[in-house]
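One structure is given below, encoded as structure tokens.
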Amino acid sequence: MEVETDNLSWMSQRIRGGEILKYMDGSRDFIAAADIPEKLRLARPPDGARLRGILAKSLAIQDLTLEETAALIQVTDPDHLALMRDTALKVKLKVYDNRIVTFAPLYLGNYCVNACAYCGFSRSNSDARRKVLNADELKKEIAVLAGQIGHKRLIAVYGEHPRNDVDYIVESLQTIYAFQVKTRRGVGSIRRVNVNAPPFSVEDLKKIHAAGIGTYQVFQETYHQPTYERMHPAETIKGNYLWRLYCMHRALESGMDDVGIGALFGLYDWRYELLGLVAHTQELERSLGIGCHTISFPRLVPALNSVIAPDWPYLVSDADFQRIILIIRLAVPYTGMIITAREKAAIRDAALAMGVTQMDASSKIAIGGYADCVSAQEKTKQQFILGDERSLDDLIRDLAARGYITSFCTAGYRCGRTGKCIMDLLRQGTEGKFCKLNAVLTFQEWLDDFASAETRRAAQPVLEQEIREIQAKMPSAYEQFRGYYERIKNGERDLYL
Ligand code: SAM
Ligand code: SF4
């Protein structure tokens, strides 16, 4: 796809240099200032005492320093790795208990003016079939997502193009939130839309914020600037490393409460990217007072006409991928961690024990893929190929068999428990109070409206255990909770505490 002449003038107005420089401390950006190569060079595997000291910080829900994170990267001793795994799970349980949040990706358009070397939506991929959903097509997608599958949370995904610019994003958010659909026993709707989109100016971000966004997600892809420049041609918008690096500063300044960062693992040395993610969240906390709400760690998967060769030296093995997840959990203990269906089911199941908190299911990543039932393996219509095709019903049953409760709670965001407020609650372990109650309410609602008989049976012991715990550990909240629970069972919907 050639860049049309109209697009050139649109592209030339995207980047506002002043909205990069104002956040920079002199001429060095925060990644350069973190001096990651030197931290990695000096790091040594910690002895038992130092390791226990580092892990005690994670357990106290304190961020690790870059030096401490680099030390964990050096650990190869199987006993020390086992201790790290054990601690990561404890941290997850302390902050998020046995809850897993589920969501679905919703791709709204695959026009893109960029030419990322690894992405099937790259403008250079002339085999991609391009489309942007109109309002009717979007409603058909929501009818399946909220009416048949039962999702309450989406991550809406957009390419960078005038056809899906900020006004389109705002309109699509309004359409999604307004749409209601009948379910088995009630009414279904999408209650939280997170957005994965390109970096915007503060002015545009304010418009997106006003439309009721959940988390604003932008992945840096790689924090290693020379690799970044290799992957993203200089004449494209995405070719501007600093515009992307400082987009979360702009997001927080625009009033957004929850921001999600990520690195595309496999582009450069995973150790460098890991320290980049930790440096990024620390920078946000230091300069804007709020760390990141979620961290994503997508791993490179094959895409149509991707120019990354199969022998690219930085592809990440399964064993290293697991270390990445483990170390993120320990280094940024309060953050939500998302593992998507790019990964195979076995990898995602193993990641549960290392502290992930969010998973997608029944995912379709073609534009219009839910209503059109596009196969997850259909290459020309989607960005890349999925590894886990489990339905939401299957995933929830598998989670229940492992003792996890699936939470469809979106209350925090609608009650103002976001941003710094939620961070503080998570650090103190207080957020769990609301989450535990709302997880049961929303899980029961989903079971009544969408679950297969087999999944309802598998979920029953988990549900009963949760209710017993609420009664025993939260007696003052139990009576109100019980009232809400009975109302849900009688068909009322969207009740939360
Ligand atoms: N266009 C926006 C952008 O680039 O920021 C957002 C949408 S993009 C479709 C979402 C993310 O998909 C990218 O940030 C990138 O990390 C990831 N991605 C792209 N190609 C991929 C691939 N081949 N394998 C795994 N993830 C990929
Ligand atoms: Fe476009 Fe995003 Fe794909 Fe890059 S990763 S080509 S910006 S959709």
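The separation of the range 164-198 from the range 56-121, counted between C-alpha centres, amounts to 27 Å. Computed about the Cα centre, the dipole magnitude for the chain is approximately 1060 debye when only Lys and Arg (+1) and Asp and Glu (-1) carry charge, each at its Cβ.
Identify, among Val187, Asn164, Ala371, the residue whose Cα sits farthest towards the positive end of the charge dipole of the chain, taking +1 on the Cβ of Lys and Arg and -1 on the Cβ of Asp and Glu, with the dipole about the Cα centre. Result: Val187, furthest along the dipole toward the positive end.
3J(HN,Hα) along the range 254-260, derived from phi through the Karplus expression 6.51 cos²θ - 1.76 cosθ + 1.60 where θ = phi - 60°, amounts to 6, x, 4, 9, 10, 10, x Hz, with x in place of Gly and Pro. Cross-link list Lys206/Lys364; Lys206/Lys489; Lys152/Lys206: which exceed 31 angstrom alpha carbon to alpha carbon? Over 31 Å Cα-Cα: Lys206/Lys489. Quote the FRET efficiency, to the nearest 0.05, computed for Trp312 versus Glu389 with a Förster distance R0 of 25 Å and r equal to the Cβ-Cβ distance. After rounding, the FRET efficiency stands at 0.45. Using a Förster distance of 56 Å, how high is the FRET efficiency between Asp47 and Asp136, based on the Cβ-Cβ distance and rounded to 0.05? With R0 = 56 Å, the Cβ-Cβ based efficiency is 0.35. For the pair the range 441-497 / the range 236-264, the C-alpha centres are spaced 38 Å from each other. For Ser407, the amide hydrogen comes within under 5 Å of the amide hydrogens of Ile100, Val101, Thr102, counting only partners 5 or more places away or on other chains and with H modelled in the peptide plane.
Plainly put, the range 35-89 has a radius of gyration that is 0.96 times its Kirkwood radius, both from alpha-carbon atoms, as the Rg/Rh ratio.
How large is the dipole of the range 35-89 about the Cα centre if only Lys and Arg carry +1 and Asp and Glu carry -1, each at its Cβ, rounded to the nearest 20 debye? The partial results should precede the final answer.
Values: 7 positive and 9 negative charges, 8 e Å.
The calculation lands at about 40 debye.
Here's how it looks for Asp258: its modeled amide H is under 5 Å from those of Tyr216, Gly419, which are all 5 or more places away or on a different chain. Using a Cα-Cα cut-off of under 20 Å, which lysines could be cross-linked to Lys39, ignoring same-chain neighbours fewer than 8 residues away? Correct list for Lys39: Lys57. Remark: the range 279-293, residue by residue, has Karplus-estimated 3J(HN,Hα) of 4, 5, 5, 5, 5, 5, 5, 5, 8, 10, x, 9, x, 8, 6 Hz, where x stands for each Gly or Pro and the curve is 6.51 cos²θ - 1.76 cosθ + 1.60 at θ = phi - 60°.
For the chain, just say rounded, prolate or oblate: build the C-alpha gyration tensor, square-root its eigenvalues into a ≥ b ≥ c, call rounded for a/c under 1.5, and beyond that prolate if a/b exceeds b/c, oblate if not. If you can, show how the numbers build up before the last one.
Working: a/c = 1.55, a/b = 1.12, b/c = 1.39.
Taking the square roots of the gyration eigenvalues as a ≥ b ≥ c, the chain is oblate.
Computed per residue of the chain from DSSP H runs no shorter than four, each worth -39500 (n - 2.57), the mean residue ellipticity at 222 nm is -14000 deg cm²/dmol.
Placing R0 at 22 angstrom, the Cβ-Cβ distance between Glu38 and Arg286 gives a FRET efficiency of 0.70 after rounding to 0.05. Here's the list of aspartates and glutamates a cross-link from Lys473 could span, going by alpha-carbon distance under 16 Å and ignoring same-chain residues fewer than 8 apart: Asp97, Glu431, Glu464. Over what distance in Å are the Cα centres of the range 136-163 and the range 316-375 separated? Spelled out, the Cα-based centre of one part sits 20 Å from the other. For the range 107-182, trypsin sites (Lys or Arg not before Pro) meeting the loop criterion (DSSP other than H, G, I, E, B) and having at most 15 other Cβ atoms within 10 Å: Arg129.
Remark on Leu304: its backbone amide H falls under 5 Å from those of Gly120, a criterion applied only to residues 5 or more positions apart or on other chains, H modelled at 1.01 Å from N.
Of all beta bridges that DSSP places with both ends in the chain, some 15 percent have antiparallel geometry. Phi angles of the range 169-182 translate, via the Karplus equation with coefficients 6.51, -1.76, 1.60 and θ = phi - 60°, into HN-Hα couplings of 4, 4, 4, 5, 5, 4, 4, 5, 5, 7, 7, 10, 9, 6 Hz per residue; Gly and Pro are given as x.
No lab work stands behind these numbers, since they all come straight from the coordinates. Computed from a predicted structure; not experimentally measured. Cβ sites come from the backbone with ideal geometry, for glycine too, and all protein chains shown count toward neighbours.
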